[in-house]
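These notes concern the structure reproduced below.
Values quoted throughout were computed directly from the atomic coordinates according to the rules given, and no laboratory measurement underlies them. Please read all numbers here as calculations on a predicted model, not as lab measurements. Using ideal geometry, Cβ is built from the backbone for each residue, glycine included, and neighbour counts are taken over all protein chains shown.
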Amino acid sequence: AQKITQTQPGMFVQEKEAVTLDCTYDTSDPSYGLFWYKQPSSGEMIFLIYQGSYDQQNATEGRYSLNFQKARKSANLVISASQLGDSAMYFCAMREFGSNFGNEKLTFGTGTRLTIIP
Amino acid sequence: GAVVSQHPSRVICKSGTSVKIECRSLDFQATTMFWYRQFPKKSLMLMATSNEGSKATYEQGVEKDKFLINHASLTLSTLTVTSAHPEDSSFYICSARPRTVSYEQYFGPGTRLTVT
């Protein structure tokens, strides 16, 4: 079973509009973390935002916010006031702590290609 | 801060040769480094996790004799693709986790390997 599911392979959004990128996850570990990364065409992975499973409030970082719904196991990324520079691939990832604390790995979703239209 | 470099950024090699990719944390010490592989338009797949001074832990299906990982210091890890073949052509990305941050991984810019 997929641990991280991103159901939107591609999205087109008008500049200045808000956009929501979907991410659902599957884990039985009570302690985990959720990440969003941006990958422009140059290839580097840029960290955007992090949400811990025990965090009470949704994470926010500037124009990025994470809509964390634990019961639904979803961690959607919301980008407000989209800009042309937001065009990129976006990956949702999960880190499970498990029993081997310190060596936790990230599992990535398949990504969503976001294109901002002028 | 928290910059990770990779060298080379691009490499083209002939089939049968070996290629070494370096991953360096420039302004922090990294107890753990990760190596990922990304096929075109695909997600990142973890290959192995390396801790400084110990053997790397490889993911299922990754040949440890083909992808040699050495984490010799707190700022350097190397991935050597031995006897490379065209199917090894891919984008290889490393990440490093600082000692002082519990959850963050900082990614390198990636290395594009083409085996002819």
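Quick notes on this structure:
- Note on chain A: antiparallel DSSP beta bridges, both residues inside, total approximately 85 percent of the bridges counted.
- Three-way shape label, chain B, alpha-carbon gyration tensor, a/c 1.5: prolate
- Lysines with Cα under 29 Å of A:Lys73, excluding same-chain neighbours fewer than 8 positions away: A:Lys3, A:Lys16, A:Lys38, A:Lys105, B:Lys41, B:Lys42
- Cys residues of the protein assembly as shown that find no other Cys beta carbon under 4.7 Å: B:Cys13.
- Legend: mean number of C-beta atoms from other chains within 10 angstrom of residue C-beta atoms, peptide A:84-90, equals 0.
- Gap separating the Cα centres of the range B:44-116 and the range B:1-30, nearest whole Å: 9
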